[in-house]
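Take a look at the structure below.
What follows is calculated from the coordinates using simple rules that are stated; it is not laboratory data. What you are looking at is a predicted structure, and each value in this text was computed from that prediction instead of being measured. Methodologically, a virtual Cβ is constructed for each residue, glycine included, from the backbone with ideal geometry; neighbour enumeration extends over all protein chains shown.
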């Protein structure tokens with residue numbers, strides 16, 4: 001437990017010491033909320049979709065959690081290139097504990113990021129339908145954070161080059177974002193795209209957050225929770241296995 005705590009604390013210190021990273025992590029969600037929210041808001045309302053800020057904010061929160069989680073997982077590549085990972089792996093502790101500590105640390109940072117974006121959303125006009133739903137909001141943010149921190153760790157465990165991460169971002173992460181329902185409704189999409197969105201784990205996180213925050217579900221609360229929890233558990237096991245196989 002002491003190893004997990006130390007690694008968790010190390011992740012938090014690394015994040016909060018970097019002012020540029022902290023400011024940058026807020027900048028992108030704020031840009032999306034203002035540019036898309038107010039830019040497409042009138043069009044969305046004329047199409048009968050209602051207040052676009054209300055629809056958009058849960059998706060932006062999920063996006064912020066995803067990008068923060070992935071980046072903390074991918075830090076393994078950076079640590080490997082500069083020798084920090086080797087120092088950690090040669091310590092007399094199990095690799096599973098190292099993986100758990102890093103994952104919890106990354107998920108905690110992502111949780112903080114998600115809550116920060118939620119607060120920013122209030123400033124641009126977003127409102128929660130039921131304040132009593134906040135515990136469920138935290139649950140969905142934690143599940144998304146754990147899922148994509150583990151996913152980032154799994155990817156970083158098999159990659160040795162930072163340049164390859166850009167390919168992952170372009171061909172895996174960005175399609176996940178755009179095909180999750182975070183920016184537009186999933187109703188009336190072509191059947192093929194509907195199938196793709198249902199294979200996307202972020203879809204269930206976005207739908208769960210949106211449903212809990214504004215009461216509008218595309219899939220449903222219970223299916224969202226079950227599927228998201230199942231995928232998170234699988235990726236945690238996969239990330240732990242792949243991390244245990246890293247060669248130093």
Order these by the 10 Å Cβ neighbour count, fewest first: 137, 212.
137, 212
Relative to the longest principal axis of the C-alpha atoms of the chain, give the angle of the C-alpha long axis of helix 134-158, reported between 0 and 90° and rounded to the nearest 10°.
50 degrees
Gaussian network model of the chain, Cα within-10 Å springs - most flexible of 192, 225, 31
192
Would you calculate, for the chain, the mean residue ellipticity at 222 nm contributed by helices, counting each DSSP H stretch of 4 or more residues as -39,500 (n - 2.57) and dividing by all residues, to the nearest 500?
-24500 deg cm²/dmol
In square nanometres and to one decimal, what's the mean projected area of the convex hull around the Cα atoms of the chain?
13.6 nm²
Residue span residue 130 to residue 162: 0.36 nm per residue of separation minus Cα-Cα distance leaves a gain in nm of 7.3 nm
How would you rank 176, 199, going from fewest to most other Cβ atoms within 10 Å of each one's own Cβ?
199, 176
Considering segment 123-248, what Rg and Dmax in Å follow from its alpha-carbon atoms?
16.2, 51
Mind jotting down the distance between the C-alpha centroids of segment 30-70 and segment 197-213, whole Å?
14 Å
Ranked from fewest to most other Cβ atoms within 10 Å of their own Cβ, 218, 241 fall in the order 241, 218
Please give the helix 19-31 orientation as an angle from the longest Cα principal axis of the chain, in degrees from 0 to 90, rounded to the nearest 10.
20 degrees
